[in-house]
1. Go through region 77-94 and give me each residue that's in contact (Cβ under 8 Å) with a residue 12 or more places away in the chain and either part of a loop (DSSP other than H, G, I, E, B) or out of contact with any strand residue (DSSP E or B) (no Cβ under 8 Å at 6 or more places or on another chain) (or both).
2. Step by step: first the residues of region 28-59, then only those that are of a type in the set (Asp, Glu) and part of a loop (DSSP other than H, G, I, E, B), then the one that is surrounded by the fewest Cβ atoms within 10 Å (Cβ to Cβ). Which residue is that?
3. Determine which member of the set Phe163, Phe228 is of a type in the set (A, V, I, L, M, F, W, C), modelled with pLDDT of 95 or more and touching a Gly at 6+ places or on another chain (Cβ under 7 Å).
4. Return yes or no: is Ser5 small (Gly, Ala, Ser), buried (at least 20 other Cβ atoms within 10 Å of the Cβ) and not in a loop (DSSP other than H, G, I, E, B)?
5. Within region 138-189, restricting attention to residues that are among the acidic types (Asp, Glu) and in a helix (DSSP H, G or I), which residue is surrounded by the most Cβ atoms within 10 Å (Cβ to Cβ)?
6. Scan Gly65, Gly25 and give me the residue that is on the phi > 0 side of the Ramachandran plot, surrounded by fewer than 23 Cβ atoms within 10 Å (Cβ to Cβ) and small (Gly, Ala, Ser).
Amino acid sequence: MRILSIVHADSDPPGVFAQVASELGHEHDEWRADLRPEPPSEPDTYAAVAVFGGYMSPSDDDRLGWLRTEKGVLGHLVERQVPSLGICLGAQLLAEAAGAKIHPADPPEIGWSEIEVLPQRDEDALFAGLASRLTVFEWHSWTFDLPIGAVALARSSGCLQAFRLEPATWGLQFHAEVTPDKLFEWLDHAAIDAVAKRIGVDPARQREAARRHLPASMDLGRRLFTRFLGCVADHGTAATDARGRVR
């Protein structure tokens, strides 16, 4: 099965999702949307697309021409119902592509946070069976409203944390993909990050919390992405698209 990861910066790689794809024997391409004008292949020829985070905001398309291009690609994917999973910025971009409003988070969320998994998780292929409360890692200054027709799956005290749009598009505001090396790199940066300093993020305290929460966070990420790929297979990865090509 061919999977495309849309990556926006060195700081936000696919992490544990790439590990899962490799272990399951899938072909995995990465598109650095900020560096290359076009993806390796037509995006809708992939069985699935994962969209990751980055330092930019989803409103930066006025100054980042490549982000405007990517938004066009994501709109096409949503329209064509290509199975997609967005993380943080990626979730915001997918929500916007599906017609939802994006806006600054009030307040921003940075660090380990408890989120509520909503009752409708029991009918969702990714979230079924998860605990009603999860501790996850957040780093975002923007968020999104629920797209019309989508199902809310999780939320924090401040914003929506997960949604599903039929047939096979999900958005996760939290960083289920993060690995130890990147998490500690982010926390090293927190000491000089203006938003992190403004809201009082304590990097030392977050590092200590990571020792308790990161193993379960990575297990959650692996579980969610494995389930996502299972849904992709059920969706029909051998279906012929409108151009007559097989995914």
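The values are calculated or read from the model by the stated rules, or taken from the named source; none is laboratory data. Remember, predicted model here, so these are calculated numbers, not experimental data. Neighbour counts are summed over all protein chains in view; Cβ atoms, including those assigned to glycine, are modelled from backbone coordinates with ideal geometry.
1. First, the residues of region 77-94 that are in contact (Cβ under 8 Å) with a residue 12 or more places away in the chain: 77-78, 80-94.
Listed by number, the residues that qualify are Arg80, Gln81, Val82, Pro83, Cys88.
2. Looking at residues that are of a type in the set (Asp, Glu) and part of a loop (DSSP other than H, G, I, E, B), I get Glu38.
3. Only one candidate qualifies: Phe163.
4. Details: small (Gly, Ala, Ser): yes; buried (at least 20 other Cβ atoms within 10 Å of the Cβ): yes; not in a loop (DSSP other than H, G, I, E, B): yes.
It is true that Ser5 is small (Gly, Ala, Ser), buried (at least 20 other Cβ atoms within 10 Å of the Cβ) and not in a loop (DSSP other than H, G, I, E, B).
5. Glu185
6. Numbers: Gly65 fails: on the phi > 0 side of the Ramachandran plot.
It is Gly25.
For (1) in contact with a His (Cβ under 8 Å, 6 or more places away or on another chain); (2) farther than 14 Å from Ala33 by Cβ; (3) crowded, with 19+ Cβ neighbours inside 10 Å, each residue gets a yes or a no:
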{"residue": "Asp61", "(1), (2), (3)": "no, no, no"}
{"residue": "Glu79", "(1), (2), (3)": "no, yes, no"}
{"residue": "Gly86", "(1), (2), (3)": "no, no, yes"}
{"residue": "Leu94", "(1), (2), (3)": "no, no, yes"}
{"residue": "Ala98", "(1), (2), (3)": "no, yes, yes"}
{"residue": "Gln120", "(1), (2), (3)": "no, yes, no"}
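Residue by residue, here is whether (1) polar (S, T, N, Q); (2) under 20 Å from Ser57 (Cβ atoms); (3) touching a residue at least 40 places away in the same chain (Cβ under 8 Å); (4) out of contact with any Lys or Arg (no Cβ under 9 Å at 6 or more places or on another chain) holds:
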| residue | (1), (2), (3), (4) |
| --- | --- |
| Leu118 | no, no, no, no |
| Arg121 | no, no, no, yes |
| Gly129 | no, no, no, no |
| Thr135 | yes, no, yes, no |
| Leu146 | no, yes, yes, yes |
| Ala154 | no, no, no, no |
| Gln161 | yes, yes, yes, no |
| Leu172 | no, yes, yes, yes |
| Glu177 | no, yes, yes, yes |
